[in-house]
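Everything below concerns the one structure shown next.
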Amino acid sequence: MEFSVAEVHEAIAASRPDEECLVFRDRRFTWAQVTERTRRLANHLRSQGLGVRTERSELQGHESGQSHLAIYLHNGNEYLECMLGSFKARLAPFNVNYRYVAEELRYLLNDAAAEAVVVHSQFAPTLAEVLPDVPSVRVVLQVPDASGNDLLPGAVWYEDALAAASPERPDVTWSPDDLYILYTGGTTGMPKGVLWRNADANVECFGGSRADTLDGVVAEAVGGLRALLAPPFMHGAGHWMSFRTWNTGGCVFVQSVPERLDPADVWGLIEREQLNFLLIVGDAFARPLLDGLAQHTYDLSSLTVLLSGGAPLSAGSKNEFLQHLPTLMIVDGLGSSEAGGQLSQVSAGSGATTGTFPISPGNHVLSADLDRELALGDDELGWLAKSGRLALGYLGDAAKTARTYPVVDGVRYAVPGDRARLRADGVIELHGRDSVTINSGGEKIFAEEVEAAIKAHPDVYDCVVAGRPSERWGNEVVAIVRLREGRSPDQAALLHEAERHIARYKLPKAVVFVDHIVRSPSGKADYRWAKQTALDA
């Protein structure tokens, strides 16, 4: 048996109606209240004629037969309610990067054929600018915020829509085939919508139970997890771990300042609410949070697990966290929009490393030409791959779907684009995304590998690496570096440290020092910005 996200959440809710499910600022919602609010949202969406037009069995992997709802929000209770309410209405929700300018937003909404949008008032002017060019949108719900912007013409306030809708279970049959859509970040190319059957996403992305009865699913939801998810929910890691928390019967906490990473807000919330789980995204989140620990003392004795997903967390950052919190378990989680969760590495005590993961079932390394699976100890640099429950494909793009999901010896794999080597000891060495490799002097150099080497220097606060044209090398490696406050630029010292970790041919030919490194709200490096910065320098 397979179960939809909607029926799983409702079954767990029925087992603990009065326990806390979702907390944002002074709003504390029980499981029963979240159930009622998401039913009301679902019934409002269905009253607008939104839902399923064509069932999954009649469609190809890159096609959708459902209405799509764009979630154009900062973190808050409304974001997760919109995801769950969409599933209950049999709509497919998808994430919107709230930093997009009008041109990018126009592309995204048209690419997704969005029929409904839920938007924070702060972003209403940008949405208003593009709506005349997005004819598919016919329902807009607006969430008020500190901007005070007026309600858009034709829109309805979010809470008004819920208040006027029925609290009864929607009159639909929830299907495990209904879609969950995750748009890629677009930091190296145009965003693409990855289509998941929500039952597959519930297991592979949201960490849900594999039990074959709802009673079994509920029995595994033992509760106890009190989780703060610091990244924006519009990044996969944020809403994956939110639903993973709910799948355990736990409670999701949202930081009070969702517009930016505020270390005092994050640590203060953990201390005040005695939270036991924190999600971050790599060094971009780790560095300011570590600064916060150095500047103020908090009682963080409740915090047992820190998970980093979506970007590498360097060994140096791990060791600093363990110096402050020696009993903390640090987990590196590796996954992708196309494959879901893949690999994990646990660090505790000492001996933290960067970019190595023990292989686990369903994960593989395929050969460079994608014609076979590599065995333990094969020295070839291949492609990280996953088998089993996978996404269906990219919305509207059959060709890219076929490239990313090749069939090798009768097995369908997801190959998101990470280069990897499988060692004889069963450890996968991750080298980085092929889309950001630099071909210099005939050698392929992986940006993330060089970044980790530069970050090993104690003066480095953050680093991103890009390539730029070179008459001698074809392309040359350029490190863009932000130093710690009060430190002076010393390119020779940085290269000397990096040389301890990578071969000399991989060393940057130039270092550009900057006051700020541009990353997406989720903490991922913006390689288009990095390349332009390297060119400008």
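The values are calculated or read from the model by the stated rules, or taken from the named source; none is laboratory data. Source: prediction; values computed, not measured. Don't worry about glycine lacking a Cβ; one is built from the backbone with ideal geometry, like all the others, and counts go over all protein chains shown.
Could you name every one of the helices (runs of 4 or more DSSP H) located completely within region 447-537 that has at least 2 residues being more than 27 Å from residue 308 (Cβ to Cβ) and not acidic (Asp, Glu)? Give the steps one after another, and end with the answer.
Values: elements: 447-455, 491-498, 527-536.
Here the list reads 491-498, 527-536.
Quick one: which of 388, 333 is touching a helix residue (DSSP H, G or I) at 6+ places or on another chain (Cβ under 8 Å), in contact (Cβ under 8 Å) with a residue 40 or more places away in the chain and not in a loop (DSSP other than H, G, I, E, B)?
Numbers: 388 fails: not in a loop (DSSP other than H, G, I, E, B).
On inspection, the qualifying residue turns out to be 333.
Step by step: first the residues of region 257-312, then only those that are of a type in the set (Gly, Ala, Ser), within 26 Å of residue 21 (Cβ to Cβ) and out of contact with any Gly (no Cβ under 7 Å at 6 or more places or on another chain), then the one that is surrounded by the fewest Cβ atoms within 10 Å (Cβ to Cβ). Which residue is that?
301
From 153, 176, grab the single residue that is surrounded by fewer than 22 Cβ atoms within 10 Å (Cβ to Cβ), within 26 Å of the chain's Cα centre (by Cα) and either in a helix (DSSP H, G or I) or modelled with pLDDT of 95 or more (or both). Write out each step before concluding.
Working: 153 fails: within 26 Å of the chain's Cα centre (by Cα).
After ruling out the rest, the residue left standing is 176.
Taking region 78-107, which residues are part of a helix (DSSP H, G or I) and under 20 Å from residue 252 (Cβ atoms)? First the steps, then the outcome.
To start, the set of residues in region 78-107 that are part of a helix (DSSP H, G or I) comprises 78-89, 102-107.
Residues satisfying the conditions are 78, 79, 80, 81, 82, 83, 84, 85, 86, 87, 88.
What residue, among those in region 88-111 that are among the aliphatic types (A, V, I, L, M) and farther than 30 Å from residue 9 by Cα, is surrounded by the fewest Cβ atoms within 10 Å (Cβ to Cβ)?
Narrowing region 88-111 to residues among the aliphatic types (A, V, I, L, M): 89, 91-92, 96, 101-102, 105, 108-109.
Restricting the remaining residues to those that are farther than 30 Å from residue 9 by Cα gives 101-102, 105.
Working: 101: 10, 102: 14, 105: 25.
Once the filter is applied, the top-ranked residue is 101.
Given the criteria under 27 Å from residue 460 (Cα atoms), out of contact with any Phe, Trp or Tyr (no Cβ under 6 Å at 6 or more places or on another chain) and outside any loop (DSSP other than H, G, I, E, B), does residue 300 qualify? Before the answer, list the steps.
Values: under 27 Å from residue 460 (Cα atoms): yes; out of contact with any Phe, Trp or Tyr (no Cβ under 6 Å at 6 or more places or on another chain): yes; outside any loop (DSSP other than H, G, I, E, B): no.
No, not satisfied.
Go through (1) within 25 Å of residue 31 (Cβ to Cβ); (2) of a type outside the set (Lys, Arg); (3) surrounded by fewer than 24 Cβ atoms within 10 Å (Cβ to Cβ) for residue 118 and report which single condition fails.
In the conditions (1) within 25 Å of residue 31 (Cβ to Cβ); (2) of a type outside the set (Lys, Arg); (3) surrounded by fewer than 24 Cβ atoms within 10 Å (Cβ to Cβ), residue 118 misses (3) alone.
When you scan region 158-168, do you find a residue that is in a strand (DSSP E or B), within 30 Å of residue 7 (Cβ to Cβ) and more than 23 Å from the chain's Cα centre (by Cα), even just one?
So in region 158-168, the residues in a strand (DSSP E or B) come out as none.
Among the residues of region 158-168, not one is in a strand (DSSP E or B), within 30 Å of residue 7 (Cβ to Cβ) and more than 23 Å from the chain's Cα centre (by Cα), which makes the answer no.
So which pairs qualify, if the first residue must be in region 488-512 and under 9 Å from residue 453 (Cβ atoms) and in the same structural domain as residue 476 (by TED's automatic domain parsing), the second must be hydrophobic (A, V, I, L, M, F, W, C) and in a loop (DSSP other than H, G, I, E, B), the Cβ gap must be under 9 Å, and the two must be at least 6 apart or on different chains?
Listed pairs, sorted by first residue: 497/456; 498/456; 498/507; 499/507; 500/456; 501/456.
Can we say residue 509 is closer than 30 Å to residue 376 by Cβ and of a type in the set (Lys, Arg)? Write out each step before concluding.
Values: closer than 30 Å to residue 376 by Cβ: no; of a type in the set (Lys, Arg): yes.
Answer is no for this residue.
What tally of residues in region 391-416 results from selecting those that are free of Cβ contacts under 8 Å to residues at least 40 places away in the same chain and under 30 Å from residue 476 (Cβ atoms)?
1
In this structure, does residue 162 turn out to be aliphatic (A, V, I, L, M) and over 21 Å from residue 40 (Cα atoms)? Let's see the steps before the verdict.
Values: aliphatic (A, V, I, L, M): yes; over 21 Å from residue 40 (Cα atoms): no.
In short, no.
For residue 340, are the conditions met, namely being in contact with a Ser or Thr (Cβ under 6 Å, 6 or more places away or on another chain) and either of a type in the set (Lys, Arg) or closer than 30 Å to residue 407 by Cβ (or both)?
Details: in contact with a Ser or Thr (Cβ under 6 Å, 6 or more places away or on another chain): no; either of a type in the set (Lys, Arg) or closer than 30 Å to residue 407 by Cβ (or both): yes.
For residue 340, the condition - in contact with a Ser or Thr (Cβ under 6 Å, 6 or more places away or on another chain) and either of a type in the set (Lys, Arg) or closer than 30 Å to residue 407 by Cβ (or both) - is not met.
From the list 43, 75, which residue is in a loop (DSSP other than H, G, I, E, B), within 28 Å of residue 218 (Cβ to Cβ), polar (S, T, N, Q) and in contact with a Pro (Cβ under 7 Å, 6 or more places away or on another chain)? So that I can check it myself, show each step before the final result.
Details: 43 fails: in a loop (DSSP other than H, G, I, E, B).
None of the others qualify; the one that does is 75.
Of these, 3, 29, which one is at pLDDT 95 or above, in a loop (DSSP other than H, G, I, E, B) and among the aromatic types (Phe, Trp, Tyr)? Even if it seems obvious, please write down each step before you answer.
Details: 29 fails: in a loop (DSSP other than H, G, I, E, B).
Answer to the selection: 3.
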